[in-house]
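Below is one structure, written out as C-alpha cells; the observations come after it.
The values are calculated or read from the model by the stated rules, or taken from the named source; none is laboratory data. Computed from a predicted model, the values in this text were never measured in an experiment. We place every Cβ from the backbone using ideal geometry, glycine too, and count neighbours over all the protein chains shown. For the accessible areas, the whole protein counts, side chains as well, though only heavy atoms, and no ligand, DNA or RNA atoms are used. Shrake-Rupley method; radii C 1.70, N 1.55, O 1.52, S 1.80 Å.
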Amino acid sequence: MNVSEFTQQILNNPKVQALPVMTYPGLDLTGIKLHDVVTKAEPQAEMISALAKKYKALGSVTLMDLSVEAEAFGAKIIFPEDEIPAAIGALVTDLESAEALCVPKVVGTRCAEYVKGMQLAKEAVPDRPVFGGCIGSFSLAGRLLDINKALMATRRRPEVVHAVLKKANEFLKVYIGAIKETGIAGVVMAEPLAGLLSPASIEEFSTPYVTELVEEFQDENFGIILHNCGNTVKQIESMLKTGAFMLHIGNIVKMTDIMPQVPKHILVAGNIDPAGLFNVGTPDMVGEATAKLLDEMKDYPNFILSSGCDIPPKSPIENIDRFFAELDKFNADR
C-alpha cells in the first residue's frame with residue numbers, strides 16, 4: 001500500500017468507506033475458539049479472511065490484543081474463556097526495577113505468533129490493505145507498572161514512568177520492525193491509556209514516544225493509525241503532532257467535536273460504540289447510530305466510518321450487517 005495514494009483515494013472518493021476494528025466477530029463465522037485465535041497464527045488468518053469475504057471494508061485489521069507485548073516482558077496474563085487476554089499485576093514498582101527491566105526479543109513469544117498471523121492474513125486477503133496491531137508506548141508502560149499505579153506515577157514518580165517508557169519503546173521498535181518486514185500496510189497503534197492523561201501529561205508521557213516510533217517506521221509503504229479511545233477532545237493537537245497518517249477515535253467523544261480540529265488531509269476514523277451498540281445493541285440501534293454519524297460527517301471527505309474500538313467477541317453478526325447496510329444506503333444517494 002502506498003500511504004499517499006491510499007489517503008488521496010479516500011479524500012477524492014465521494015462515497016464514505018468503512019474500516020471497523022473487527023476481528024473477533026470472525027469467531028462466529030468460522031467456529032474457531034477464542035483461545036486458539038489469541039495463541040496461534042493460522043486461526044487468526046482464517047478468521048480475518050472470513051470477515052474479508054463477507055464485508056466490503058476498506059481494509060482488514062488484525063487482532064487488537066493489548067496483552068501480548070506486556071507478556072513478552074514477563075507480565076502475568078489471564079486468559080478468560082470468552083474474553084480477550086489481559087495483563088494483571090505489576091512488573092515494575094520503582095526506579096531500580098524499571099532500570100533492571102530486560103527488553104525481550106520477539107522470537108519465542110506470543111508476539112512472534114501474531115507477526116506470523118499478520119503475514120498469513122496478508123496472503124489470505126490480497127485485495128485490500130491489511131493492518132496489523134500493536135500497543136502504544138504509554139499503554140504498554142501502564143501494563144508493566146499496573147494501570148492505576150502508572151497514572152499516579154506520572155504525577156508522583158515521573159522518572160520511573162520515563163524509565164519504563166524507554167524500555168517499552170526499545171521493544172516496540174523491534175516488534176514493529178518485525179511487523180513491517182511482513183509487507184503489510186501498517187499498524188493500528190492502540191494508545192488507550194493516554195486518553196486518561198491531561199493535555200499536558202499526554203505531551204510528556206505519550207506524544208514524544210509515539211512520535212519516535214512513527215518517525216522510525218512510517219513511510220510511503222507503511223502507515224501508522226493512532227488509536228485513542230479516551231476523552232480525546234483536548235488531545236487532538238497532541239495526536240496530530242505524532243505524524244500518524246490516520247487517527248482512530250473512540251466512542252466516548254462526539255466526532256463533531258473532533259473533525260473541526262483536524263486538517264482536511266489527515267484521515268480520521270470512528271466511532272460507533274463497540275460495546276454498547278455492536279455487542280449488546282440491536283440492529284436497529286446500530287443502524288440509527290450509523291445513519292446519524294454518517295449524516296453528521298457528510299461534509300468531511302477525510303472521515304472513515306469505523307467502530308470506536310475493537311468489536312468484542314460474541315457481538316451479533318446482524319449488528320455488523322446493519323452497520324454495512326446503513327453505509328451502503330448512505331452511499332447510494334451520493
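General observations
- Computed from label points 7 Å out along Cα-Cβ, the spacing between residue 42 and residue 220 is 3.9 nm.
- Virtual paramagnetic centre 7 Å along Cα→Cβ of residue 86, amide N under 20 Å, in the range 32-71: 34-39, 63-71
- Taking the range 24-179 and dividing mean pair separation by its residue count, relative contact order in percent (alpha carbons under 8 Å, at least six apart): 28
- Take every pair of alpha-carbon atoms less than 8 Å apart whose residues are at least six positions apart; their mean separation over the length of the range 178-279 yields a relative contact order of 26 percent.
- Quotient of Cα Rg and 2.2 N^0.38 Å for the chain, N being how many residues it contains: 0.94
- Maximal additional length on extending the residue 148-residue 285 stretch stands at 46.0 nm, based on 0.36 nm per residue less the C-alpha distance.
- For the range 10-152, the carbon plus sulfur part of the accessible surface works out to 52%, probe radius 1.4 Å.
- Percentage relative contact order, the chain, counting C-alpha pairs under 8 Å, at least six apart: 20
- Accessible surface for the chain, divided over its residues, is 41 Å² per residue with a 1.4 Å probe.
- Residue 162 - accessible surface, heavy atoms, 1.4 Å probe, Å² rounded to 10: 40
- Estimated FRET transfer efficiency (residue 292, residue 198; beta-carbon r; R0 35 Å; 0.05): 0.70
- Charged side chains reduced to their Cβ positions (Lys and Arg at +1, Asp and Glu at -1) give the chain a dipole of some 100 debye around its Cα centre.
- Residues listed by number, the range 209-246, amide nitrogen under 18 Å from residue 5 label point at 7 Å toward C-beta: 219-224
- 17 Å cut-off, amide nitrogen to a point 7 angstrom out along residue 155 Cα→Cβ, residues in the range 196-218: 196-205
- Part-to-part distance (alpha-carbon centres) for the range 290-309 and the range 189-207, which is given in Å: 24
- Considering only the chain, percent of DSSP beta bridges that pair antiparallel, nearest 5: 15
- The range 192-334 - percent of accessible surface contributed by carbon and sulfur, probe 1.4 Å: 52
- Of all the options 319, 13, 271, the one that moves most in a Gaussian network model of the chain with Cα springs shorter than 10 angstrom is 13.
- Segment residue 234-residue 181, length gained on full extension (0.36 nm per residue, minus Cα span): 15.6 nm
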